[in-house]
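Data block below; observations after.
Nothing in this text is a laboratory measurement; each read-out follows from the coordinates by a stated rule. Note that the structure is predicted; figures quoted are calculated from it, not measured.
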Amino acid sequence: MTTALPALALFAGLVAPVGPAAVVDVHDAATLRTALGQVRPGDEIRTADGVYNGRFVLDVDGTAGAPITLTGSRGAVIDGGGTAGGRAVQLEADHWRLVGFTVTNGQKGIMALGANHTVVDGVRVR
């Protein structure tokens, strides 16, 4: 049982309720961008296996008690090939957890700009 984010409720089937925080399952670059723009403290974005092309900006703050999580298996690949500045993942917010996925083809892979209290756990950057 889950409680959906109001804005994400528009994307039927993406939100699985889990109490006050949302778990959002994404399957392509467009839904990942949407989820990143609408995420709130405590939420979890789960990336399905596949390739997510482009640059992804994480600019919504979590909190100490409710970090935001972006997770996926090694088969969930953020491919930054050809992105401006070579940043596949650009973190501009505090209290994030990046777990398990793969980042490839970015000159900088994951770039943290003014980000504090972030955990990167088991992410493969190539």
Check your understanding: Can you list the residues, at least 5 places off or on another chain, whose amide H is less than 5 Å from the amide H of Ala112, using H built in the peptide plane?
Key -> Leu91
**Study point:** For segment 62-126, diffusion coefficient by Stokes-Einstein and Kirkwood Rh (Cα), 20 °C, 1.002 mPa s, µm²/s
**Key:** 180
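Would you please classify the overall shape of segment 46-86 from the alpha carbon gyration tensor, given that a ≥ b ≥ c denote the square roots of the eigenvalues, rounded means a/c under 1.5, and beyond that prolate means a/b larger than b/c while oblate covers the rest? List each step's numbers first, then the result.
On the way: a/c = 3.93, a/b = 1.40, b/c = 2.81.
Oblate.
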Check your understanding: Non-local amide H neighbours of Thr118 (under 5 Å, H modeled in plane, Pro and chain starts lacking H): which ones?
Key -> His95, Trp96
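Determine the relative contact order of segment 39-126: mean sequence separation of Cα pairs under 8 Å and six or more apart, normalised by residue count, in whole percent.
Working: 268 pairs, mean separation 24.6, N = 88.
Answer for segment 39-126 is 28 percent.
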